[in-house]
Amino acid sequence: MTTALLPEPFRDLEPYLTDWALPTRQQRYDTRMAKTIEELDAFYDAIAPHAEAAIEYLNEFDLNELPEAETRLLRLLYSLVMVSYPVNVFKQPRIPDSGASFFDTVTEPAV
């Protein structure tokens, strides 16, 4: 018997786990920067329609005691947030007119 990678209602999102269910903000940002806008669009278009249902589903759990499958779902939502501005506003992975600027994350959220 294998452990489910995502909760049943969200199993069709499993192809995005390897690239996007990443544990840190920096990893998600690095992935965003390594992808083309077409790849970001594809990820966004796949995940966004499930976001509201995923949030409602995850609200039933204690954030500090999420099972592994639910943690992966939460990480996909974090990545959705990470790509939402590039997809909807910037139309490119980078922030326009930001040159070579960058930032380093010094702390991570508790989950």
Take ILE55 and decide whether it is within 29 Å of LYS91 (Cβ to Cβ), surrounded by fewer than 16 Cβ atoms within 10 Å (Cβ to Cβ), among the β-branched types (Val, Ile, Thr) and in contact with a helix residue (DSSP H, G or I) (Cβ under 8 Å, 6 or more places away or on another chain).
yes
Under 7 Å between Cβ atoms, at least 6 apart or on separate chains: pull out the pairs that start in the stretch 53-74 with a residue that is closer than 12 Å to PRO9 by Cβ and end on any residue that is of a type in the set (Phe, Trp, Tyr) and open to solvent by less than 60 Å² (accessible area, probe 1.4 Å).
ALA54/PHE10; LEU73/PHE10
Does ALA42 count as under 15 Å from PRO7 (Cβ atoms), in a helix (DSSP H, G or I) and open to solvent by 20 Å² or more (accessible area, probe 1.4 Å)?
no
Among residues of the stretch 62-80, those that are exposed (fewer than 15 other Cβ atoms within 10 Å of the Cβ) and not acidic (Asp, Glu), counted:
3
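The values are calculated or read from the model by the stated rules, or taken from the named source; none is laboratory data. As the structure is a computational prediction, the values presented were derived from the model and not from experiment. Positions of Cβ are backbone-derived with ideal geometry, glycine not excepted, and every protein chain shown enters the neighbour counts. Ligands, DNA and RNA are excluded from the accessible area calculation, which covers all protein heavy atoms including side chains. Shrake-Rupley method; radii C 1.70, N 1.55, O 1.52, S 1.80 Å.
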